[in-house]
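Remarks on the structure that follows.
Read the figures in this text as sums done on the coordinates, not as results from a lab. Bear in mind the structure is a predicted one, so any value in this text is a computation, not a measurement. Here the Cβ is made from the backbone with ideal geometry for all residues, glycine too, and neighbour counts use every protein chain on show.
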Amino acid sequence: MFEFYLAVGQFINYRFLLNKVEADRELYLGVPVETYETFFRRETVREMTQAYRLKIAVYNPDLEAIEQWIE
């Protein structure tokens, strides 16, 4: 949960600053597929990602490929 807390804080701050210089860009939080399938399925985490309007790019680190874009 601590790592999620840090990542969300960084994401929100980066999104704020990015909107000032390149408002047309979309920012996604990169999450490994295994982490998404376990941790991000928790109800509290889902509620937080919705509340903070986090966009997520689920990636497979072994294939080095994005598996899912979640808005």
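Let's see how each residue does on (1) loosely packed, with under 11 Cβ neighbours inside 10 Å; (2) more than 20 Å from Gln68 (Cβ to Cβ):
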| position | (1), (2) |
| --- | --- |
| Val8 | no, no |
| Ile12 | no, yes |
| Ala23 | yes, yes |
| Pro32 | no, no |
| Glu37 | no, no |
Residue hits (segment 48-68; under 13 Å from the mean Cα position of the chain (by Cα) and either exposed (fewer than 12 other Cβ atoms within 10 Å of the Cβ) or not in a strand (DSSP E or B) (or both)) are Met48, Thr49, Gln50, Ala51, Tyr52, Arg53, Leu54, Lys55
Could you check segment 39-51 and list, in sequence order, the residues that are among the aliphatic types (A, V, I, L, M) and free of Cβ contacts under 8 Å to residues at least 24 places away in the same chain?
Ala51
Note down all Cβ pairs under 6 Å where the first residue falls in segment 12-38 and is within 22 Å of Leu63 (Cβ to Cβ), the second is among the small types (Gly, Ala, Ser), and they're at least six residues apart or on different chains.
Tyr28/Ala57; Gly30/Ala57
